[in-house]
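Peer 1: The structure follows.
No lab work stands behind these numbers, since they all come straight from the coordinates. In this text the structure is predicted, and so the values were computed from the model without any measurement. Reconstructed Cβ throughout: ideal geometry from the backbone, glycine too, with neighbour counts over all protein chains shown.
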Amino acid sequence: MLEIKNLVVQIEDNRILNGLNLTVNDGEVAAIMGPNGSGKSTLSYVIAGKEDYEVLDGEILLDGQNVLEMAADERAAAGVFLAFQYPLEIPGVGTTTFLKACLNAQRKARGEAELSTPDFIRAVNGAADKLEINKEMLKRALNVGFSGGEKKRMEILQMALLQPKFCVLDETDSGLDIDALRIVSEGVNALRGQGRSFLVITHYQRLLNHIVPDVVHVMSKGQIVKTGGKELALELEASGYAEYRTSEAA
Amino acid sequence: MADVTNLRSPAEAGLSKLFETARQSFASETTIAREEAFRFFEATGLPSRRVEAFKYTDLRAAIAEAAPPAEAPSLDAAKAAVAQAKGFSGLEAARLTFVNGHLIRELSDLDKIPAGVTILPLNDALSQGDTALTQLAPVPQARENPVYQLNTAFLADGAVIRVAPGAKPEQPIHLRFVGTGNTPFSTATRVLVQIGEDAAFSLLESHEGPNGLTCQPNDALDVVVGPKAVFRHTRLNIEGDAAIALSTLSLKVEAEGQVETVNLVTGAVLSRHQIYVHVAGEGTNVVVNGAAMLRRGQLADSTLLADHAAVGGVGREQFKWIIDGDATGVFQGKIIVRQAAQQTDGKMKSDCLLLTDEGQMMNKPELEIFADDVACGHGATCGAPDEDLLFYLMARGLPRATAESLLVQAFVGEAVEAVTHEGARAALIGEIEAWLKARG
């Protein structure tokens, strides 16, 4: 599904990813753990196409296609989805308007017909019910005045609606209480399956109790330094990141 | 030291000549203090950047030649021009149609005016010596403004609109101003609106003309909002790209009066909309919003003076600017709170989104407060579209141009949301969308 080869990335002359290699197989849930400053969020932004970063070397192949040559919107249409650590508030843009515009833009880019309004409403309401999202929230401006948990649920709603094939979850557990963590995790788990892979970025093992990964990678100094099964997360929880900690926090 | 006499510009000399000619036709009419107004104007001349109030909108430089007052068009020419008019065209309203600044009775709904409202063409009001004319120029400071005084001096047509006490007509009145022709001309119209106690009245105003038409409209709207009365006003400037459009709104608001006025500008090479608010009675609520979307060398100026002279007035002024190409936006906003106007609550804001490096925004907010128990504030922001927001939208599949349009629409929309009349609000949003679509 996703193959990253020798990825070297810097921002303002500050090298963050140093020849990172990573493979995520079809249908796989891969977790990335690592200390602060190891480059986890940078990796998520570079996969999604944020322009602030300078890619000096390497490739990111999604089903064999190098996404580095594509703009962020083209990557989204190709199936890349980033659930933001801090979803942004957009005053004046209604949530429903936003969802419909995104869905139809992606469909258009893929040469598909736009979804009719009744079909769209049905899809949104179905996804909102599963995530226990109040319909009133859908009428408000996107993320404006939403709590941290509501914003994260809204990210998962977008994921459910857009049906991407490669999802990056950037510290989706941060700012969530126990109930919100359960709801969000159930939302993610419901989307697991063949044809869709996940890269779950987290500091803590607790998220991985809910979204059980197939594989765990440890990241440090802009590289994957260790790979193991789900038990690796438990080991890290017990031993901490001291072994991997970088002095060059980015 | 030798005496220094400012040389008059060709346009100023031209205006003097034109006034000499025009005064012949006004000789018999004495209600309008034209002579006084023109003498005032002559003393100041066309204001240049050396005049503080016109520092960023130099009319002396912009108006190279004085365009002659427009003749009344033929009915056929007026019909052809109105057939092209788009502003608020789909809305149910009683229309007063002005073509080149002349009221065209045949194209107006003078026989379909809603109950509780009476409309008298200005020329009839002048010939009858209508008592309402004593209410002209309801805000003293406007009489010190050369643009407003020029309007008074050359005043050619307009209307007097009276709304009876307690009347709440559902249908708005639409003042439809359309320009047409091949040669340069100027216009000077004045509409006086008197809203009786506890009445509620909605007014739509659109200004438009074809691209390339060099016209200099100077329109004034005088409004007296009676006690507990409500005035809702939605204005649309979609003038052609060669128009120099000057306008003045003077509002006197009596006790517990409510005002909502929203102006959207996308037209004219240069426009200046002057708003004078005189809060004369206690417990008023005044919302003054404006939005301008400008491109290719356009300049739009919104100049506001809110003068609070009575207790407990609430004022909310919000202006939004979208500057594309090498366009310039100018906002000058001043709130005066007189000593008697305790518990005034005023907030004024001007926000600008610069879409290019070449665009300019001039913000000049001022507060002059003489009362000690007030809550007044102002703010001004200016910046490029937020890259993080753009990335968020693009990461969900929206192409950059679509993402930027969505952000621009949301930004401007905040000023337009204040329009209560659903159809008028939709018309402004439609104009915003059309502007964005044309931008591509």
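Peer 1: Roughly what would the spin-label model give for A:Lys108 and B:Thr356, points 7 Å off Cα along C-beta, in nm?
Peer 2: 2.4
Peer 1: Expressed in nm to one decimal, what extension gain is obtained for the pair B:Arg23 and B:Glu422 from 0.36 nm per residue of sequence separation less their Cα-Cα distance?
Peer 2: Values: separation 399, 0.36 × 399 = 143.64 nm, distance 4.39 nm.
139.3 nm is the gain from fully extending B:Arg23 to B:Glu422.
Peer 1: From the Cα gyration tensor of the stretch B:10-385, with a ≥ b ≥ c the square roots of its eigenvalues, which class applies: rounded if a/c is under 1.5, or else prolate if a/b is larger than b/c, or else oblate? Could you put the intermediate results ahead of the total?
Peer 2: Details: a/c = 1.36, a/b = 1.09, b/c = 1.25.
Because its axes are fairly even, with a/c under 1.5, the stretch B:10-385 counts as rounded.
Peer 1: What's the FRET efficiency of B:Thr183 with B:Glu92 using the Cβ-Cβ distance as r and R₀ = 41 Å, to the nearest 0.05?
Peer 2: On the way: r = 35 Å, r/R0 = 0.86.
The computed FRET efficiency comes out at 0.70.
Peer 1: About the Cα centre, and with charges only on the beta carbon of Lys, Arg (+1) and Asp, Glu (-1), how big is the dipole of the protein assembly as shown? Nearest 20 debye, please. Could the numbers behind the result be given before it?
Peer 2: Working: 64 positive and 90 negative charges, 135 e Å.
Dipole about the Cα centre, nearest 20: 640 debye.
Peer 1: Can you sort A:Lys100, B:Lys86 so the residue with the fewest Cβ neighbours within 10 Å comes first? Show your work: numbers first, answer last.
Peer 2: Details: A:Lys100 19, B:Lys86 15.
Placing the least packed residue first, the sequence is B:Lys86, A:Lys100.
Peer 1: Then there's this: Cβ under 12 Å from A:Lys40's Cβ, A:Lys40 left aside: what net charge do those residues give with Lys, Arg +1 and Asp, Glu -1?
Peer 2: Details: positive: A:Lys221; negative: A:Asp170, A:Glu171.
That sum, taken over residues with Cβ under 12 Å, equals -1.
Peer 1: Pull out the extension gain between B:Glu52 and B:Ala242, defined as 0.36 nm times the separation in residues minus the alpha carbon to alpha carbon distance; nm, one decimal.
Peer 2: On the way: separation 190, 0.36 × 190 = 68.40 nm, distance 2.55 nm.
Going from the current span to full extension adds 65.9 nm.
Peer 1: Let me ask another. Grab the DSSP H runs of chain A that are 4 residues or longer, score each as -39,500 (n - 2.57), total them, divide by all residues and round the 222 nm result to the nearest 500 deg cm²/dmol. All intermediate terms of the calculation are to be shown ahead of the outcome.
Peer 2: On the way: 9 runs with 93 residues, N = 250.
So the calculated ellipticity at 222 nm is -11000 deg cm²/dmol.
Peer 1: Give me A:His210, B:His308, B:His207 sorted ascending by neighbouring Cβ count inside 10 Å, so fewest comes first.
Peer 2: Ordered from fewest to most neighbouring Cβ atoms within 10 Å, A:His210, B:His308, B:His207 come out as A:His210, B:His207, B:His308.
Peer 1: Starting at the first residue of the stretch B:315-325, write each ³J(HN,Hα) from the Karplus equation 6.51 cos²θ - 1.76 cosθ + 1.60 with θ = phi - 60°, in whole Hz, x for Gly and Pro.
Peer 2: x, 10, 10, 9, 10, 10, 10, 10, 10, 10, x
Peer 1: Roughly what % antiparallel, to the nearest 5, for the DSSP beta bridges in the stretch B:10-385?
Peer 2: On the way: 7 of 140 bridges.
Around 5 percent of the beta bridges assigned by DSSP in the stretch B:10-385 are antiparallel ones.
Peer 1: Choose one answer from B:Ala142, B:Ala384, B:Ala188: the residue with the largest mean-square fluctuation in a GNM of chain B with alpha-carbon springs under 10 Å.
Peer 2: B:Ala384
Peer 1: Do any trypsin sites (Lys or Arg not before Pro) in the stretch B:2-79 lie in a loop, going by DSSP, with at most 11 other beta-carbon atoms within 10 Å of their beta carbon, and if so which? Walk me through the numbers on the way to the answer.
Peer 2: Working: sites: B:Arg8, B:Lys17, B:Arg23, B:Arg34, B:Arg39, B:Arg49, B:Arg50, B:Lys55, B:Arg60, B:Lys79; in loops: B:Arg8, B:Arg49, B:Arg50, B:Lys55.
Here the sparse-neighbourhood loop sites are B:Arg50.
Peer 1: Taking 0.36 nm per residue of separation and subtracting the Cα-Cα distance, what length does fully extending A:Asp129 through A:Gln194 add?
Peer 2: Working: separation 65, 0.36 × 65 = 23.40 nm, distance 2.39 nm.
Stretched out fully, the A:Asp129 to A:Gln194 stretch lengthens by 21.0 nm.
Peer 1: Order of A:Lys130, B:Lys320 from fewest to most other C-beta atoms within 10 Å? If you can, show how the numbers build up before the last one.
Peer 2: Working: A:Lys130 16, B:Lys320 24.
Placing the least packed residue first, the sequence is A:Lys130, B:Lys320.
Peer 1: What shape does chain A take by its C-alpha gyration tensor, where a ≥ b ≥ c are the square roots of the eigenvalues and a/c under 1.5 counts as rounded, a/b above b/c as prolate, and the rest as oblate? Let's see the in-between values first.
Peer 2: Numbers: a/c = 1.76, a/b = 1.39, b/c = 1.27.
Because a/c hits 1.5 or more and a/b exceeds b/c, chain A counts as prolate.
Peer 1: Also, I was wondering about something else. ³J(HN,Hα) across the stretch B:241-257 via Karplus (A = 6.51, B = -1.76, C = 1.60, θ = phi - 60°), whole Hz, x for Gly/Pro?
Peer 2: 6, 10, 7, 10, 10, 10, 8, 9, 10, 10, 10, 10, 10, 8, 3, 6, x
Peer 1: Give me a comma-separated list of calculated 3J(HN,Hα) values for the stretch B:291-302, in order, Karplus coefficients 6.51, -1.76, 1.60 applied at θ = phi - 60°, integers in Hz, x for any Gly or Pro.
Peer 2: My calculation for the stretch B:291-302 gives 9, 9, 10, 10, 8, 5, x, 6, 10, 10, 10, 10 Hz in order.
Peer 1: Within the set of other residues whose C-beta is less than 9 Å from the C-beta of B:Gln258, count the net charge using Lys and Arg as +1 and Asp and Glu as -1. The partial results should precede the final answer.
Peer 2: Values: positive: B:Lys228, B:Arg232; negative: B:Glu256, B:Glu260.
Computed value for this residue: 0.
Peer 1: Here's a follow-up. According to a simple spin-label model (label point 7 Å from Cα along Cα-to-Cβ), what is the distance in nm between B:Asp373 and A:Asp57?
Peer 2: Those two pseudo-labels are separated by 7.4 nm.
Peer 1: Give the residue list of chymotrypsin sites (Phe, Trp or Tyr not before Pro) in the stretch B:359-426 that are DSSP loop and have at most 14 other beta-carbon atoms within 10 angstrom. Let's see the in-between values first.
Peer 2: Working: sites: B:Phe370, B:Phe391, B:Tyr392, B:Phe411; in loops: B:Phe370.
Filter output for the stretch B:359-426: B:Phe370.
Peer 1: Another one. Partner chain Cβ atoms within 10 Å, averaged over the residues of B:382-395 - can you pull that number for me?
Peer 2: On the way: counts 0, 0, 0, 0, 2, 3, 5, 6, 3, 11, 13, 11, 12, 16.
If you average over the peptide's residues, the count of other-chain Cβ atoms is 6.
Peer 1: Amide H neighbours of A:Leu82 under 5 Å, at least 5 residues apart or on other chains, H built in the peptide plane: list them.
Peer 2: A:Val168
Peer 1: Quick query: amide H of A:Val144 versus all other amide H atoms, modeled in the peptide plane; which residues come in under 5 Å with a sequence gap of 5 or more or a different chain?
Peer 2: A:Ile90
Peer 1: Residues of the stretch A:173-202 with backbone nitrogen within less than 18 Å of a virtual label 7 Å along the Cα-to-Cβ line of A:Asp214, please, listed as ranges.
Peer 2: Zone members listed by number: A:188-201.
Peer 1: Of the GluC sites (Glu not before Pro) in the stretch A:1-97, which ones lie in a loop per DSSP and count no more than 13 other C-beta atoms within 10 Å? Display every interim value, and only then the final one.
Peer 2: On the way: sites: A:Glu3, A:Glu12, A:Glu28, A:Glu51, A:Glu54, A:Glu59, A:Glu69, A:Glu74, A:Glu89; in loops: A:Glu12, A:Glu28, A:Glu51, A:Glu89.
Filter output for the stretch A:1-97: A:Glu12, A:Glu51.
Peer 1: Now for a separate question. Using alpha-carbon positions, what is the distance between the centroids of the stretch A:1-36 and the stretch B:189-221, in Å?
Peer 2: Their Cα centres are 62 Å away from one another.
Peer 1: If I take R0 = 41 Å and measure r between the Cβ atoms of A:Glu89 and A:Glu235 in this structure, what FRET efficiency does the formula 1/(1 + (r/R0)^6) give, to the nearest 0.05? Walk me through the intermediate numbers first.
Peer 2: Details: r = 38 Å, r/R0 = 0.93.
With R0 = 41 Å, the Cβ-Cβ based efficiency is 0.60.
Peer 1: Quick query: amide H of B:Leu249 versus all other amide H atoms, modeled in the peptide plane; which residues come in under 5 Å with a sequence gap of 5 or more or a different chain?
Peer 2: Sorted by chain and number, the residues that satisfy this are B:Leu221, B:Gln274, B:Ile275, B:Tyr276.
Peer 1: What whole number of Å gives the distance from the Cα centroid of the stretch A:128-165 to the Cα centroid of the stretch B:12-27?
Peer 2: 66
Peer 1: Could you work out the helix-only [θ] at 222 nm for chain B, with each DSSP H run of four or more residues adding -39,500 (n - 2.57) and the total divided by the number of residues, to the nearest 500 deg cm²/dmol? It would help to have the intermediate numbers written out before the result.
Peer 2: Details: 9 runs with 100 residues, N = 440.
When only DSSP H runs of four or more count, the value is -7000 deg cm²/dmol.
Peer 1: What is the calculated FRET efficiency for B:Ala80 to B:Arg338, with r their C-beta to C-beta distance and R₀ = 51 Å, to the nearest 0.05?
Peer 2: E between B:Ala80 and B:Arg338, to the nearest 0.05, is 0.50.
Peer 1: A further question on this structure: Decide, for the stretch A:197-250, between rounded, prolate and oblate: order the square roots of the alpha carbon gyration tensor eigenvalues as a ≥ b ≥ c, take rounded if a/c falls under 1.5, and otherwise choose prolate if a/b is larger than b/c, else oblate. Can you show the working numbers first?
Peer 2: Details: a/c = 1.89, a/b = 1.51, b/c = 1.25.
Note, shape of the stretch A:197-250 comes out prolate.
Peer 1: If you average the alpha carbon positions of the stretch B:109-153 and of the stretch B:307-361, how far apart do those two centres end up, in angstrom?
Peer 2: Centre-to-centre (Cα) distance: 27 Å.
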